[in-house]
């Protein structure tokens, strides 16, 4: 019997030995389904996935609430009001519409986070591209050019939204996290121009991409954005340089105006002949409220702009944001682009349709990005899965920018020629008599009508100094509301290293 | 057997030898006080002599003692021992008193048992027999109101719903659930696999010293569940079952169609709009949506069959259970069914080797509706849907319109379409129609077992090894038919999804223990090692456009286009390697000392903090063991205890200490929106990441006075540190910050438990009550966070709870109102220091909001603390009285010191129905000071701000159970071969005393304390039987 006890003691001893020696290995597990950062970014495929992540930020619309750039800029401009179900629906949108912005009130945090998330991912890729040996040089050069374009694009948004912002072109190390300071817009613009120029000079960046790559950056997108960035700096001495870039796009033979204005925003004309840079959205990725935020691939603006509880022909229902202002309606009433720009709700009601009148209802709604019944996503939450791409840069915009650049450079003839190209498409009489500032104002008016509700108006007003004049009755204060307040949380967390914008 | 014969022979010789010297014979019958049932197997010993006997099956005994002055000692487990001097009597019959708070009672502690009298920690015990015949769905609910220090808030009244269980307050801003240990096996996925009848006892380890033997998982307290073991020497078969019917106990007063029409007209006109309903009087009562969704006759039934048998060597307990409860909301879509089977056994191979097992299988199937959500729970819809829309649409004019003629509207069995509201939209659908298209259920199959072997090498030195497993399979399936409910809720194609998951947890525990007494020094030592691994995986997928329209016909094998098929999967894993040790020492059961140490190594902890150390110490002094108090008639027992210890919380997620890259940062390229994968780092890493830590001090006493009253009191202070919080980094960093051990909070409180039992002229009384007070305060959220956001309401995401330093966790946050402006002049004179009106947009009838921060305007910074959903007070009692065969049990429970947020109305939907208090709204000067005017668009945002208007007192007291039972008398029982038969009738949730105006004041789960139209607790009546033979 005793022997048996001794025998039983053996496993006990073995156990003690085992636990003390194997303990460490037993507790070291490898995660499954995810990869350690230190093991990633080793192959071309992984670097491409990092590039895609930098693209991903382009279509974010749910950073810290609903913060779609296009819709917010519509609300801020005189194209649209904020709207929604009632005043409390999206107070941040209402605050931008009425310029009751405050450090803690407004869409600034989401826009700020979105921009810098894109910059972080572009910076990371640019760093990682240098660490992998034997990379295909063409892949490396093209990826770097795309990353630089994206970084420039995000900084361009940030500098226009915020003015003085922190600027860096690498992933922040642990000791640099809390110590960044703001630089002037001039310094930011210099960096943007440098990135775009480098991308522009990248031979490997293609002029066109095969159908399955549509949405990736092309030479034309880089050229157009570089011209736009120069134009936005408002320096008349650089207008010729901008005009040259626009010319290059216009004369490339790759783009042409849609013959029919009404066709531009048709879903079958995504990446159409007029498109230079589109932000791609998808209706077939089954987004749901579970991955609301930035996890879906849908265009939330489309849902926002739709008529609330709409039942009737053609259109799908939405949430009645960005009702079109009577000001724009009255201005465009006789413009041929009117029916393709504005939905007349009362006309629909006459046809037997119904919808709930939301906040700031005008009975006029956005047509360009209006969700159509036939395009409603079949899977996932339809509200979050609108597939309509945002026409971020289209040829008519570039032609009008070219017209402006030429005019501001003193070449009225070429300015007029370009202006009339855009007018001719919608069968408007050519402008013949005007010149100088008068011509410039006609070009601005053309931009307002041509690009209405596409999110350009607010920044156009700000950069040309007409914001106070046009938006004053909305509450715009000159010297203050040109930019958003810096998010208060950013000032708090850096214990005041970041300085609030003037007036806030 | 040989042994026993020998014993008998020696005993016989002994008795014969004694009988030579004295010839006094005593006999009698021993019965149970109050019932006159005979007690079988009572030990009768002649004091100071090696002489004794037992009572027989009729309770009779006979003993021959040495002298006429002898003293007889009558003892029986669970009863008070009595000593009787013979004094020449030949017949001594006694009724033994049951010992209500038996000092010999043992309690289960982690890795062992301890005599209650020498326990130095704060441990509450619930006996299985107290839960017998009490209907509860899940075992954790059985703790509700039973012990002090435990707050149980059922998530909702839906069958099978879990509960929020907090021991001594909420111990973390993250996971605060207690650790459940069933027969020595920690259980991760909830303990609803247990059958109530199988429970022997539940011990709640409340203070740090008791819980710290469970180390890194003990911060939320530990609940030890012990299941029944076989009884030696006898075979018993028990059946217990009940059947009952359930119904809602409260309906909300909602506007009927006529009232609705009048108020909506008023609201529209006030905003400058038109009359919406020309003739409200003609609308009549309209549809009662509550009646449409409530089920007033929902069955509940439970059946349990158990068999126990055993011998000296071997014993077992086997049981089968079936439980089936339908919900009071919806007929078919809210139901919970559970089948359980159990086999527990113990075998003694010889004097020194024992082994045994527990093994449980459960199968659960549940269907449920959304229980507390403004986005589509049936009751939220019933509250918000206008009463004008009919349940079924029969109006030919409506049936001919675009919607009814062109869309796949939902119909009842007779093909009549359900009404569709044109007034209230979004998620507020016809609730009955919405329930009809909801098709799906969840299921689980679970096997939990434990096998152990124990060897006693020498007396007192034991080695025990046990292997426990928890093997679980669970999943769900769901089907969406083609339907049209309203413009925003429709499906143009069918969809079917299914998920299946599997998890295996195992634990290998080895302990060496040594127990020995040296004179008055009693010593017990324990050391052990534990290894645990928990891993599992799941897979799920779905297809769409199936050619069927009901879940019963749905199958994943239907050929559908590959690009519309989806699948997903996941894996998880974790390991824990631990060392534990404990020393228990007492001197003559008078001076008590206990110390423990546990070391936990976890795969969850960062590389720089792989092992956590969790020490504890506790001391006690049994004052009544001192000579000066011994044998005093007033205080029978008095023990003072004190303890201190460290507990950990490892619920911090897996692999959070390394930087991982994650997918889903996707983009689509190409005309056909081809998705391409994008990958980026998830967050910045923190290799120093460690467990959360709770340090707790406890001071208490246990007392028994007047022989019948037991009192337990505890005072505690619990400080949680190192709570995990995202370290805030500036947004310009571009990625989420790491998690760090940052925040701290405190819980302080006290607890009282009272017990009383007595038998007076045939009536047996028993009372057990408890009362607890706890105050939670968040003490630090780190340098960069002023608050943590909490719950939100409505599509606008109205912020209604927050967590801030200096206040309790998750308090209600909003504006303070100061009555209602009665006149325009009051609006104009409500000014700030500069004389400017504070609410320039307001009109008479609007709320006057308080400028809390006194900055001269009403802005979001004026939002402040307006209530606390966590009760400070919880209490409960169980009282019973028995007389002859009858017994009556009352069990009540309540909370106080809390508020509830009544967010039942979708204020964002202008035409949503209202509760009856809207009839007392402000309609002119002096008409109301509490309910503002009704006006569409609500320009003053009376309703669309979180404010104290929505906050109500959440205190309640509830008669949880009232049960009347009758046990048939002995003669009849024996005649039909039963040893026990009890019939009972029981009423549950009969009475609820509360000021709260919503459906139910008990609101747990993820929407703690916020009523979004809560699925209420049912009131139910049961008829049951409990029989043993």
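Each reported figure results from applying straightforward, stated rules to the coordinates on display, with no laboratory input. Small disclaimer: the values here were computed from a predicted structure and weren't measured. In this analysis, Cβ positions are derived from the backbone assuming ideal geometry, glycine residues included, and neighbour counts consider all displayed protein chains.
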Could you give the length gained on full extension between residue B:252 and residue B:279, defined as 0.36 nm per residue of separation minus the Cα-Cα distance, in nm? 7.2 nm
Can you compute the FRET efficiency between residue B:490 and residue B:307 using 1/(1 + (r/R0)^6), with r the Cβ-Cβ distance and R0 = 45 Å? Round to the nearest 0.05. 0.25
Going by average Cβ density within 10 Å per residue, which order do the peptides A:157-164, B:688-695 take, highest to lowest? B:688-695, A:157-164
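Would you please put B:738-751, B:414-427, A:79-92 in order of how densely packed they are, using the mean number of other Cβ atoms within 10 angstrom per residue and starting with the highest?
Output ranking for B:738-751, B:414-427, A:79-92: A:79-92, B:738-751, B:414-427.
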With angles folded into 0 to 90 degrees, how steeply does helix B:2-21 sit against the dominant principal axis of chain B? Use alpha carbons for both and round to 10. 50
Evaluate peptide B:654-663: per residue, the Cβ atoms of other protein chains within 10 Å of its Cβ; return the mean as an integer. 5
Between residue B:473 and residue A:259, how many nm apart are label points set 7 Å from Cα along the C-beta direction? 6.4
Can you tell me how the stretch A:256-328 classifies by the Cα gyration tensor, rounded, prolate or oblate, using a/c under 1.5 as the rounded cut? oblate
Could you check the simple spin-label distance between residue A:104 and residue B:823, using points 7 Å along Cα→Cβ, in nm with one decimal? 3.6
Order B:995-1008, B:672-685 from most to least packed using the mean count of other Cβ atoms within 10 Å. B:995-1008, B:672-685
Share antiparallel - DSSP beta bridges, the stretch B:401-538, percent rounded to 5: 100
For the stretch B:194-321, what class follows from the C-alpha gyration tensor (a ≥ b ≥ c being the square roots of its eigenvalues): rounded when a/c is under 1.5, otherwise prolate if a/b is larger than b/c, else oblate? oblate
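Evaluate the relative contact order of the stretch B:907-1029 (contact order divided by residue number), counting alpha-carbon pairs under 8 angstrom at least 6 apart; express in whole percent.
22
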Inside 10 Å of the C-beta atoms of A:34-45, what's the mean count of C-beta atoms belonging to other chains? 4
Summarise the partner chain shielding of B:809-819 as one whole number: the mean count of Cβ atoms from other chains within 10 Å of each residue's Cβ. 0
Take the Cβ-Cβ distance between residue B:297 and residue B:105 as r, set R0 to 51 Å, and report the resulting FRET efficiency rounded to the nearest 0.05. 0.75
Over the stretch A:368-456, what relative contact order in percent results from Cα pairs under 8 Å that are six or more residues apart? 25
On C-alpha positions alone, give me the angle between the axis of helix A:2-27 and the longest principal axis of chain A, in degrees, nearest 10. 30
What is the Cα centroid distance between the stretch B:893-939 and the stretch B:777-822, reported in whole angstrom? 20
Using only Cα atoms and rounding to the nearest 10 degrees, what angle (0 to 90) does helix A:137-162 make with the longest principal axis of chain A? 60
Residue exposure sequence - B:334, B:517 - by fewest surrounding Cβ within 10 Å: B:517, B:334
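Calculated FRET efficiency, residue B:608 and residue B:568, Cβ-Cβ r, R0 41 Å, to nearest 0.05?
Taking R0 as 41 Å, the efficiency between residue B:608 and residue B:568 is 0.75.
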Label model pair residue B:412, residue B:920: point-to-point distance (7 angstrom along the Cα→beta-carbon line) in nm is 3.6
Over chain A, what is the percentage of antiparallel beta bridges among all DSSP beta bridges, to the nearest 5? 80
Suppose only helical runs count, i.e. DSSP H with n ≥ 4. What mean residue ellipticity at 222 nm does that imply for the protein assembly as shown under -39500 (n - 2.57) per run, divided by all residues and rounded to the nearest 500 deg cm²/dmol? -6000 deg cm²/dmol
Span from the the stretch A:375-443 Cα centroid across to the the stretch B:1002-1023 one, whole angstrom: 59
Which parts of the stretch B:418-459 would a label at residue B:353 reach, counting a residue when its backbone N lies under 19 Å from a point 7 Å out along Cα-to-Cβ? B:451-459
Please work out whether the protein assembly as shown counts as rounded, prolate or oblate from its C-alpha gyration tensor, where a ≥ b ≥ c are the square roots of the eigenvalues and a/c under 1.5 means rounded, while otherwise a/b larger than b/c means prolate and anything else oblate? prolate
Counting only DSSP beta bridges with both residues in the protein assembly as shown, tell me the antiparallel percent, nearest 5. 95
On a full-extension model of 0.36 nm per residue, what is the gain between residue B:90 and residue B:398, subtracting their alpha-carbon distance, rounded to one decimal in nm? 101.4 nm
Relative contact order for chain B using alpha-carbon pairs under 8 Å, separation at least 6, rounded to a whole percent? 11
Where the centroid of each part is defined by its Cα atoms, how far is the stretch B:146-167 from the stretch B:595-640 in Å? 27
